[in-house]
Amino acid sequence: MELLKLHHDFIAEHHRKGTPFIIFQGGRRSGKTVSILQFLYLESLTHPATRTLIVTDTYARLKESIFQDLIMINRSAGGDGRRMRIHFTGGARVLFETGSDFAFVYAGRDVRGYASNFQYIFFNECIQYDARTAREALKAAGPGCQVFFDYNPYTRFWLNDLYEREDNKLITTYHDNPFLSDFVRRELDRTASQGKDAAPGTMERYLYEVECRGIDSTLSGLCLPHHRTIADEVYHTSPLPEILACDWGALHATADPDVICGFRFDDSAIYAHEYYYSRHGGDEEMAAVLRSIPFCHQYLVYDTATEGADRVRSLFARTHLRFHFSPARKGAGSVLTGIRNLQPYEICVTASSRHFLEELENYRFVQKGDTLQPSDDWNHCCDALRYAFNLWTMLPRTAKK
């Protein structure tokens, strides 16, 4: 079996030290997944009854990537159908002659049906799913469990904040993989030559940085990466004026939630609190929330996409509060422009704002055609933030004090 020495030396060192989280970041065809699977395969054969859980984002990736790599590894090690068998009855599993096994779970699926005490957990292409998936799967870890992550890089995301430590991450590129075919190497060399001098933010530059160099791209990953959690009292006792912002989606049975957030701004930071987030509420519930907020002549900026004016009249009739209601500024290119305007700020979100914090961990740039654009998911509180920020920049100086 041909092993990538760089990868296996790194795994061996951290396996010996008992490092709980081992992270592989790298470009395309750098050998991350195969190296981790080779280690898990050898552990399953040399240590009987080893239990491993592998998390993937889809069944297609499991079938077309993980299983194919395992078949190749088994064949290169001289194994046959008795040493390692793939079963699909009762869920996909890999069984070894030593009594070891691999179980699989897909991103977002509840893992409570699995027994605990896994010695190893492997999150394959972990940037494809959210932090909640990782937290749920880690509940199946046994004592001393070692956890592997691999991914093609973007800007910082939940993995870096939650599990990256000083020396537990290895960054590799296709240059570190001597087993690549000449055809694949030429293809990646061509991608590198086209993107090396391309303008930041273009698809060519993105592919060069992420796929060829294995580094964070200038336009990718989290849309709003600079955020942290603060205590609720820090927000509520702040002397900064508050702007309330609504992003409405639940009316007329759309799949999106209704959101009400509060924001306070200064020159370097934005303070945020989630007052309301629901897919099953309505105007009466939101009116009750607005009535509970201490009224200090706030502005309330609202999304106009879902009968905004009608909802304003409905809420106004129910609250009898003299908010300064203002429609959100929207238009072609406003989402990307708003995100770029917000990126220099640190976003300080109250600890109780569970949905807002989850959105910030998952709101990212995705490929749409030949460009990278903000995702249409995980963006409701973030949209409210854009509306409030745009309004704040337009207010006279006296209204900001």
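The values are calculated or read from the model by the stated rules, or taken from the named source; none is laboratory data. Note that the structure is a prediction, hence the values are computed from the model and not measured. Backbone-built Cβ (ideal geometry, glycine too); neighbour counts: all protein chains shown. Surface areas here come from the heavy atoms of the whole protein model, side chains and all, with no ligands, DNA or RNA. Shrake-Rupley method; radii C 1.70, N 1.55, O 1.52, S 1.80 Å.
Structure notes:
- Charge dipole (the chain, unit charges on Cβ, about Cα centre) - positive-most of Phe389, Ala287, Ser65: Ser65
- Looking at the chain alone, DSSP beta bridges between its own residues are antiparallel in about 40 percent of cases.
- Multiplying the residue separation of Ala255 and His87 by 0.36 nm and removing their Cα-Cα distance gives an extension gain of 56.8 nm.
- Percentage relative contact order, the chain, counting C-alpha pairs under 8 Å, at least six apart: 16
- Per-residue ellipticity at 222 nm computed for the chain from its helices equals -9500 deg cm²/dmol, with DSSP H segments shorter than 4 residues left out and the rest contributing -39,500 (n - 2.57).
- Cα-Cα over 20 Å, subset of Lys5/Lys169; Lys32/Lys63; Lys32/Lys196; Lys32/Lys139; Lys5/Lys32: Lys32/Lys196; Lys32/Lys139
- Computed lengthening from Lys63 to Asp310, 0.36 nm per intervening residue step minus Cα-Cα distance: 84.0 nm
- Cβ-based charge dipole, the chain, positive-most Cα from Tyr206, Gly338, Thr191: Thr191
- If only the Cβ of Lys and Arg carry +1 and only the Cβ of Asp and Glu carry -1, the dipole of segment 240-393 around its Cα centre is close to 400 debye.
- Think of each Lys and Arg Cβ as +1 and each Asp and Glu Cβ as -1; about the Cα centre, that makes the dipole of the chain roughly 120 debye.
- For segment 42-173, the solvent-accessible area works out to 46 Å² per residue, with a probe of 1.4 Å and every protein chain left in place.
- Surface composition of segment 266-401: carbon and sulfur make up 50 percent of the accessible area, probe 1.4 Å.
- Considering only Phe24, Pro48, Phe10, the residue lying farthest towards the positive end of the dipole of segment 10-53 is Phe24, judged by Cα position with unit charges set on Cβ.
- Taken along the Cα-to-beta-carbon direction at a fixed 7 Å, the label points for Arg165 and Ala49 span 2.8 nm.
- FRET efficiency for the Leu395 to Ser116 pair, using the beta carbon distance and R₀ = 45 Å, is estimated at 0.25.
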